[in-house]
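**Student:** Just passing along the structure, written as C-alpha cells.
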Amino acid sequence: MDAATLNLLRDSAGVPFYPVVFQGLYVLTWALHAAFVLLALGSMGLSLVGVTQQKTSASWKMLTPHLIQTGKISISVLIVLGVAPLLFTQVIYDPNWYVTNSLSGLLVFAFIYILILGYLTYYWYYYANKKGSSSSLFIGTFSFLVLVVAGVLMHNFAVESIQPDKWMQWYAPNGVVDTSGTNFHIDAIRLAFMVSLAIPVVGIFLQNYSQFLSSRRDFSDEYLTFTNAMGTKIATIGLIISAVLYAVWTFQAGVLLHPLSIATVIGVVVLLLFAMKNSNSYVTTGVLVVVALLISGMRELIKYQIMANLGYDVYGYPMNIDWPTTIMFFSTFLSLGVVGVSFIVTMAWNVGKSEGVFDAENHVPTRKLGKATLYILIAWCAVYMGWGMIVLFKNVLT
Amino acid sequence: MDHIGLFPLFYFPEIGSAWLMGITGTIHILASHTSVGAAILFAFLAHKAYTENRPDLYDYMKRYGMFLLIFSYVIGSITGPGIWYTATAASPRGISALIHNFVWVWATEWVFFVYEVVGVFALIYFIGKIDRKTHLRLTYTFALASVGTLMLIIGIISFMMWPGTDAFYTTGSASDAFFGINTFPHMFLRIGFMVMLSGVIGLLISSALPDQELRKELTRKMGFVSMLGGFLTMFFFMWYVSTLPESAELLLEIYLPDIMATRIWLMVAFTVYFAVAIIFPRMISRPLAATMIAVVLIVGLWPGEKLRESLRKPYVAGRYVYSNQIISRDVPGKGIKGEVEKLARVGFLKASPWVPERLKTITPENKLEAGELLTKRACSNCHSLEPNGKFRPLMAKVAGWDAATIKAFMQNSLATGAITYMPKIDLPDEEFDAMAAWIATQNQQGAK
C-alpha cells in the first residue's frame, strides 16, 4: 500500500485537534484497558484453579468467589475502558482501522456476540459457584474459553491493522475479490506476550488483596499469608515468562534496542524486584502502571514506525480545530472524570475496609466528593442546554 | 489521481452488511434505553425509600439492579461499541465522518460511561453497606450521568439524519452539526421511551416479588411510570416527525400507513397492559411481563429502527455521505469535496484503490465479474443481492427486467438523481452495462 493511497484513505474532514494529543490519549487509555483485560483473564483463570481446590481448602473456598467477582467487575470495566482507545485510534489511524474492519467484517460482527456469550456465561458461572453447583467448573471453563476467543479476535484486528503491505493480497488473493470479511491472521509471539502479562497482573493483585484486607479483623492471618505468598510466587514466575516473550516480540519487530524498549526492560526488572520483595504492594502497583504505559507506548511505536516507513505521517494529519467540543471533553474529563470516579473509588475503598455499614455522610472526603459530583453534573446539564439553545437560535433565527 | 478514498468492501449474503448493524443497534437500544430509564427510576425509588424510610424498596432496587447489571451492562455495554464495529465494516466512511466531526463528543460520553459503569456496581452492591443519604446522592448522580450519555449521543444520531440548517456546511463546527433542529425533539422522544421501558422492565421484577403487598404496590407504580413514559413517547414523536427532512417525509408517506397501523395496535395493547398493572396489579405475571418485553423488541423497536434508517436515505451521515460511501456534496467548512462528478468521469473500477488490475478494464471475459463487484459496491449497503435476498432484495425490485431495461433504469433514474431516497449514481456507460448484465443473470436465476 503506497503513501498516496494511505493518505487518501484519511477522512477529508481532518482531525479536530492536534494528532499528538489523540496519540497520547490512545496510549494512556489502551494501558488502562489492557490492565483490566489482564486482571480479568488472570482472575478468571485462577478462579478455575480455585473451583477445583475449594472443596478441600478453606483458603481457596474464601478466595475463589472473590476472584470470580473480580473477574466479573473487571470485564465490565475493560469493556468501558476499551471504548476510548477504539475511538482515538480511528481518529488518527483511520485507514488502518477501517480497512481491517472491512477485511474481517464478519469476525467483527461475530466478536460482539462472542463477547456477549462469554460474559453472560460468566454471570452463570458466578451464580453456579455461589450455589455450590458441581457444574461450575464446566461453565467457568466454557466462559473462559469463549472470552479468550473474543480476545484472540481482537488481537487479529490489531495485527491486521499494522500490515498495510498485505491488505490487498488479503482482500483480493490472486486478483479475485473476497468480500466475505473472514480474514484472520495472528502473530503468535505478540499474542503470547500479551496473554502472559495476565500472570504477573493477577499475582500483584493478590498481593494488593492481602495488604488491603490486613486491616480487617474478619480475615485470618493464615488466609492473608496464603494469598500473599501465592501472589508473590505467581507474580515472579509470570514476570520472568513475560520478560522472555517481550524480548522475542520486540526483537522480531526490530525495536528491542530502541530507548523506549530499554526503558520497558528496566521497568520490568524493577517491577520484578518490587514484586519479589513485596514490602508494599501499592508501590509495586505504581510501578506496574508505569510498565503498562511503556508497553502501550511500545505498541504505538511499532505501529507508528511501520506507517511512517510507508509514508503515512500521523502528525501531518490535516486539522480543523474545534474548540467548543475540545473544551467540553477536557473540562468533563477533569471534573466528572476525576472528581466523580474519585468519589466512587473513595467510597469503595472505605466500604472494603469497613466491617459494618460505612457512614460516608460523616466521612468528610467522601461527602465532599459526592456533593461536588452532583453539582458538576447539574452544572454540566445546564451548560449543555444553554449551549444548545444558543446554537439553535443562531442557526434557525438568523 | 483518479482514486477516491474508498475502503475494501464487506458484504454479508442474504441480509446485507448494513442490516447487521441494524440488528446490533436494535438490541443495544433495548438495553441502553432500559438502563437510562432505570437510572431515573432508581433516583425516584431511592428518594422515596429515604424520605419514607422504606427498607423494602431497597430490596426491590437490589433485585432490579442485578437484572440491570446482566441485561443492560452486559448486553448494552457490549452492543454499544458493537454498533461502531459493525458500522465500520458496513459503512466505514459514514462512521469515519461521524468520528472526525464528533470525536470529542464521543470521548465526553466515554467519561460519563465510565462513571455510569463504575457507579452501577456501587449503587447495587453498596445497598446496606453505606449510609442511605450517601446512597441517595449516588443514585442522583447516577441518574444524571445516565441521562448525560443520552444527551451526548443524541446529537450525533440526529446529525446522521440531518443538521437541519446550512450552518454546519459553511462553518464545519461540531456545535452546528450537533445541535440540529431535531436534536431536542429526538432527545425528549427517547427520554419518554426510556421511562416507559424502565416501567416495562420494572413490571418483570415486581411481578416476581414474594411479598404480595409490595408486589401490588410496585406493580401499580410501574404501571403509572410506563403509562407516563408511553404518553411522552407519543407526544414527542409527533414533534420529532415535524423536524425531519423533505426526503424523509416522502418516505414516510410510503411507509406511514403500515407504521401507523402497527403503532396504533401497539399503543392500544400497551395502554391496556399498563391499565391492568394499575387497576389489577395481581394479574401481571412474570411470563406476561417477559412477553411484553419481547413485543417491545420485535414489534416496536426493530421496525422503528428500520424506519429511522430508511428515513435517512440516501445518506448515512449528515446528508453528505451517501449510503454507498460516496461524498455527495462539498462541505466547505471542512474542506470536503463532493465525489459524484469524479465518479461519473472515472467510474468505480478506476476510483477504488481496491479493485485488482485485471478488473480495472471491463472485457467480455470479466464483464459479469466486474458487474457483480460494481453492484456490490453501488447497491449492497441498502439491498441484498441474492435472487431470494431477505432485506430490500434488489432482484425482486427488477424482477422480469432484461439487461437493457435495467441499464435504462439506471441511466435515467440513478444517474440523474431522480429518486430522492436513492444516491445519485452516475457511472460510465461500460460500468452500467456490466452491472445490468450481472443483475439480469441473477434476476433470471431468481425467476427459475
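**Student:** Output the number of residues of region A:40-72 satisfying the condition of being surrounded by 18 or more Cβ atoms within 10 Å (Cβ to Cβ) and either of a type outside the set (Gly, Ala, Ser) or touching a Gly at 6+ places or on another chain (Cβ under 7 Å) (or both). Show your work before the answer.
**Tutor:** Quick first cut of region A:40-72, residues surrounded by 18 or more Cβ atoms within 10 Å (Cβ to Cβ) only: A:40-48, A:50-51, A:54, A:59-60, A:63-64, A:67-68, A:70-72.
Next cut, either of a type outside the set (Gly, Ala, Ser) or touching a Gly at 6+ places or on another chain (Cβ under 7 Å) (or both) only: A:40-41, A:43-44, A:46-48, A:51, A:54, A:60, A:63-64, A:67-68, A:70, A:72.
Total satisfying the criteria: 16.
**Student:** Of everything in region B:346-368 that's touching a Gly at 6+ places or on another chain (Cβ under 8 Å) and in a helix (DSSP H, G or I), which residue is nearest to the other protein chains (Cβ to nearest Cβ)?
**Tutor:** My answer is B:ARG358.
**Student:** Could you tell me whether region B:43-64 includes any residue that is closer than 19 Å to B:SER146 by Cα, over 21 Å from the mean Cα position of the chain (by Cα) and within 12 Å of chain A (Cβ to nearest Cβ)? Step through it out loud before you land on a result.
**Tutor:** Step one: filter region B:43-64 for residues closer than 19 Å to B:SER146 by Cα, giving B:43-47, B:61-62, B:64.
Checking which are over 21 Å from the mean Cα position of the chain (by Cα) leaves us with B:43-47, B:61-62, B:64.
Filter once more, so that each one left must be within 12 Å of chain A (Cβ to nearest Cβ): B:43.
Yes, there is a match, as at least one residue in region B:43-64 is closer than 19 Å to B:SER146 by Cα, over 21 Å from the mean Cα position of the chain (by Cα) and within 12 Å of chain A (Cβ to nearest Cβ).
**Student:** Among the numbered criteria (1) within 8 Å of another protein chain (Cβ to nearest Cβ); (2) under 21 Å from the mean Cα position of the chain (by Cα), which single criterion is violated by A:PHE17?
**Tutor:** That leaves (2) as the condition not met.
**Student:** Any idea which of (1) surrounded by fewer than 24 Cβ atoms within 10 Å (Cβ to Cβ); (2) within 30 Å of A:ALA3 (Cβ to Cβ) is the one A:VAL108 doesn't satisfy?
**Tutor:** Failed condition: (1).
**Student:** Please tell me if A:VAL27 is away from chain B (no Cβ under 13 Å) and in contact with an Asp or Glu (Cβ under 9 Å, 6 or more places away or on another chain).
**Tutor:** Values: away from chain B (no Cβ under 13 Å): yes; in contact with an Asp or Glu (Cβ under 9 Å, 6 or more places away or on another chain): yes.
For A:VAL27, the condition - away from chain B (no Cβ under 13 Å) and in contact with an Asp or Glu (Cβ under 9 Å, 6 or more places away or on another chain) - is met.
**Student:** Of all residues in region B:96-133, which are of a type in the set (Val, Ile, Thr) and either without any contact (Cβ under 8 Å) to a residue 40 or more places away in the chain or at the interface with chain A (Cβ under 7 Å from one of its Cβ atoms) (or both)? If you could, list the steps in order and put the result at the bottom.
**Tutor:** Taking region B:96-133 first, the residues of a type in the set (Val, Ile, Thr) are B:99, B:103, B:105, B:108, B:111, B:114, B:117-118, B:120, B:124, B:127, B:130.
Within region B:96-133, B:ILE99, B:VAL103, B:VAL105, B:THR108, B:VAL111, B:VAL114, B:VAL117, B:VAL118, B:ILE130 qualify.
**Student:** Next up: Restricting region A:111-126 to residues that are within 24 Å of B:PHE10 (Cβ to Cβ) and at the interface with another protein chain (Cβ under 7 Å from one of its Cβ atoms), which is surrounded by the fewest Cβ atoms within 10 Å (Cβ to Cβ)? So that I can check it myself, show each step before the final result.
**Tutor:** So in region A:111-126, the residues within 24 Å of B:PHE10 (Cβ to Cβ) come out as A:111-118.
When the remaining residues are screened for being at the interface with another protein chain (Cβ under 7 Å from one of its Cβ atoms), the result is A:111-112, A:115-116.
Details: A:PHE111: 24, A:ILE112: 26, A:LEU115: 25, A:ILE116: 19.
Applying the filter and picking the extreme gives A:ILE116.
**Student:** Select from region A:83-105 the residues that are at the interface with another protein chain (Cβ under 7 Å from one of its Cβ atoms) and of a type in the set (Gly, Ala, Ser) and write down the one among them that is farthest from A:THR5 (Cα to Cα).
**Tutor:** Taking the candidates together, the pick is A:ALA84.
**Student:** Which residue is nearest to the other protein chains (Cβ to nearest Cβ), if the candidates are limited to region B:317-345 and must be among the aliphatic types (A, V, I, L, M) and closer than 30 Å to A:GLY175 by Cα?
**Tutor:** We begin by selecting, within region B:317-345, every residue among the aliphatic types (A, V, I, L, M); these are B:317, B:321, B:326-327, B:331, B:336, B:340, B:343-344.
Filter once more, keeping what is closer than 30 Å to A:GLY175 by Cα: B:321, B:326-327, B:340, B:343-344.
Numbers: B:VAL321: 10, B:ILE326: 12, B:ILE327: 7, B:VAL340: 14, B:LEU343: 14, B:ALA344: 19 Å.
So, considering only residues that are among the aliphatic types (A, V, I, L, M) and closer than 30 Å to A:GLY175 by Cα, the one nearest to the other protein chains (Cβ to nearest Cβ) is B:ILE327.
**Student:** Inside region B:384-393, can you point out the residues that are away from every other protein chain (no Cβ under 11 Å) and surrounded by fewer than 23 Cβ atoms within 10 Å (Cβ to Cβ)?
**Tutor:** First, pick out the residues of region B:384-393 that are away from every other protein chain (no Cβ under 11 Å): B:384, B:386-393.
Within region B:384-393, B:GLU386, B:PRO387, B:ASN388, B:GLY389, B:LYS390, B:PHE391, B:ARG392, B:PRO393 meet the criteria.
**Student:** Residue under question is B:PRO210, and the condition is that it be part of a helix (DSSP H, G or I) and of a type outside the set (S, T, N, Q); does it hold?
**Tutor:** Numbers: part of a helix (DSSP H, G or I): no; of a type outside the set (S, T, N, Q): yes.
Taking the combined requirement at face value, the residue does not satisfy it.
**Student:** Assigned to a helix (DSSP H, G or I) and at pLDDT below 95: which single residue out of B:VAL111, B:VAL118 fits that description? Steps first, answer last, please.
**Tutor:** On the way: B:VAL111 fails: at pLDDT below 95.
Selected residue: B:VAL118, the only one of B:VAL111, B:VAL118 that is assigned to a helix (DSSP H, G or I) and at pLDDT below 95.
**Student:** Going residue by residue through region A:318-329, is there one that turns out to be exposed (fewer than 14 other Cβ atoms within 10 Å of the Cβ) and under 25 Å from the mean Cα position of the chain (by Cα)?
**Tutor:** Taking region A:318-329 and keeping what is exposed (fewer than 14 other Cβ atoms within 10 Å of the Cβ), we get A:319, A:321, A:323, A:327.
Now drop any that are not under 25 Å from the mean Cα position of the chain (by Cα), which leaves none.
Within region A:318-329, none of the residues are exposed (fewer than 14 other Cβ atoms within 10 Å of the Cβ) and under 25 Å from the mean Cα position of the chain (by Cα).
**Student:** Scan region B:404-424 for residues that are modelled with pLDDT under 95 and in contact with a helix residue (DSSP H, G or I) (Cβ under 6 Å, 6 or more places away or on another chain) and jot them down.
**Tutor:** If the condition is that a residue be modelled with pLDDT under 95 and in contact with a helix residue (DSSP H, G or I) (Cβ under 6 Å, 6 or more places away or on another chain), then B:ILE419, B:THR420, B:TYR421 are the ones that fit.
**Student:** Among the residues of region A:334-348, count how many are more than 7 Å from chain B (Cβ to nearest Cβ) and among the hydrophobic types (A, V, I, L, M, F, W, C). Lay out the reasoning, then the answer.
**Tutor:** Quick first cut of region A:334-348, residues more than 7 Å from chain B (Cβ to nearest Cβ) only: A:334-335, A:338-339, A:342-343, A:345-346.
Subset that is among the hydrophobic types (A, V, I, L, M, F, W, C): A:334, A:338-339, A:343, A:345.
Of the residues in region A:334-348, 5 are more than 7 Å from chain B (Cβ to nearest Cβ) and among the hydrophobic types (A, V, I, L, M, F, W, C).
**Student:** Could I ask something else about it? Has region B:275-286 got at least one residue that is in a helix (DSSP H, G or I) and hydroxyl-bearing (Ser, Thr, Tyr)?
**Tutor:** As a first pass, look at region B:275-286 and keep what is in a helix (DSSP H, G or I): B:275-279, B:281-283, B:286.
If we keep only those that are hydroxyl-bearing (Ser, Thr, Tyr) as well, we get none.
Within region B:275-286, none of the residues are in a helix (DSSP H, G or I) and hydroxyl-bearing (Ser, Thr, Tyr).
**Student:** Quick check: is even one residue across region B:69-76 closer than 30 Å to B:GLY389 by Cα, within 12 Å of chain A (Cβ to nearest Cβ) and surrounded by 19 or more Cβ atoms within 10 Å (Cβ to Cβ)? Full working, then the answer.
**Tutor:** First pass over region B:69-76, keeping only residues closer than 30 Å to B:GLY389 by Cα: B:75-76.
Imposing the further condition that a residue be within 12 Å of chain A (Cβ to nearest Cβ) reduces the set to B:75-76.
After this cut, where a residue has to be surrounded by 19 or more Cβ atoms within 10 Å (Cβ to Cβ) as well, the list is B:75-76.
Yes, region B:69-76 contains a residue that is closer than 30 Å to B:GLY389 by Cα, within 12 Å of chain A (Cβ to nearest Cβ) and surrounded by 19 or more Cβ atoms within 10 Å (Cβ to Cβ).
Okay, residues lined up against (1) in contact with a helix residue (DSSP H, G or I) (Cβ under 7 Å, 6 or more places away or on another chain); (2) under 20 Å from B:THR26 (Cα atoms); (3) in contact (Cβ under 8 Å) with a residue 12 or more places away in the chain:
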{"site": "B:PHE224", "(1), (2), (3)": "yes, no, yes"}
{"site": "B:MET238", "(1), (2), (3)": "no, no, no"}
{"site": "B:VAL272", "(1), (2), (3)": "no, no, no"}
{"site": "B:SER285", "(1), (2), (3)": "no, no, yes"}
{"site": "B:LEU288", "(1), (2), (3)": "no, no, yes"}
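**Student:** Next question. What are the pairs with Cβ atoms under 6 angstrom where one residue, in region B:8-26, is closer than 16 Å to A:VAL99 by Cα and at the interface with chain A (Cβ under 7 Å from one of its Cβ atoms) and the other, located anywhere, is small (Gly, Ala, Ser) and assigned to a helix (DSSP H, G or I)? Sequence gap at least six, or different chains.
**Tutor:** Sorted first by the residue in region B:8-26, then by its partner, the pairs are B:PRO8/A:SER102; B:PHE10/A:SER102; B:PHE10/A:GLY105; B:PHE10/B:SER17; B:PHE10/B:ALA89; B:TYR11/B:SER17; B:SER17/B:ALA90.
**Student:** Identify, from the list A:GLN163, A:GLN169, the residue that is within 13 Å of chain B (Cβ to nearest Cβ), of a type outside the set (Lys, Arg) and under 30 Å from A:ALA3 (Cα atoms). Steps first, please.
**Tutor:** Working: A:GLN163 fails: within 13 Å of chain B (Cβ to nearest Cβ).
After ruling out the rest, the residue left standing is A:GLN169.
**Student:** Could I ask something else about it? Which one of B:LEU197, B:LEU189 is in contact with a Ser or Thr (Cβ under 9 Å, 6 or more places away or on another chain), surrounded by fewer than 23 Cβ atoms within 10 Å (Cβ to Cβ) and among the aliphatic types (A, V, I, L, M)? First the steps, then the outcome.
**Tutor:** Details: B:LEU197 fails: surrounded by fewer than 23 Cβ atoms within 10 Å (Cβ to Cβ).
Just one listed residue meets the conditions, B:LEU189.
**Student:** Considering each of B:THR88, B:THR34 in turn, give the residue that is part of a helix (DSSP H, G or I) and within 15 Å of the chain's Cα centre (by Cα). Full working, then the answer.
**Tutor:** On the way: B:THR34 fails: within 15 Å of the chain's Cα centre (by Cα).
When all the criteria are applied, what remains is B:THR88.
**Student:** Looking at B:LEU368, B:LEU374, which one is touching a Phe, Trp or Tyr at 6+ places or on another chain (Cβ under 6 Å), at pLDDT 95 or above and surrounded by fewer than 18 Cβ atoms within 10 Å (Cβ to Cβ)? Spell out the reasoning first.
**Tutor:** On the way: B:LEU374 fails: surrounded by fewer than 18 Cβ atoms within 10 Å (Cβ to Cβ).
Criteria check complete, one pass: B:LEU368.
**Student:** Within region A:351-374, which residues are more than 9 Å from every other protein chain (Cβ to nearest Cβ), under 22 Å from B:ILE124 (Cα atoms) and free of Cβ contacts under 8 Å to residues at least 60 places away in the same chain? Let's see the steps before the verdict.
**Tutor:** To start, the set of residues in region A:351-374 that are more than 9 Å from every other protein chain (Cβ to nearest Cβ) comprises A:352-353, A:355, A:364-365, A:368-369, A:372.
Okay, now just the ones that are also under 22 Å from B:ILE124 (Cα atoms), so A:352-353, A:355, A:365, A:368-369, A:372.
Correct list: A:PRO365, A:LYS368, A:LEU369, A:ALA372.
**Student:** What are the residues in region B:321-338 that are surrounded by fewer than 23 Cβ atoms within 10 Å (Cβ to Cβ) and touching a Leu at 6+ places or on another chain (Cβ under 9 Å), if any?
**Tutor:** Within region B:321-338, no residue meets the criteria.
**Student:** Is region A:215-233 home to any residue that is at pLDDT below 95 and aromatic (Phe, Trp, Tyr)?
**Tutor:** yes
Let's see how each residue does on (1) acidic (Asp, Glu); (2) touching a residue at least 40 places away in the same chain (Cβ under 8 Å); (3) closer than 30 Å to B:ALA177 by Cα:
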position	(1), (2), (3)
B:LEU232	no, yes, yes
B:GLU249	yes, no, yes
B:LEU252	no, yes, yes
B:ILE259	no, yes, yes
B:VAL299	no, no, no
B:TYR320	no, yes, yes
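The values are calculated or read from the model by the stated rules, or taken from the named source; none is laboratory data. Predicted model, so just to flag it, every value in this text is computed and none were measured. Backbone-built Cβ (ideal geometry, glycine too); neighbour counts: all protein chains shown.
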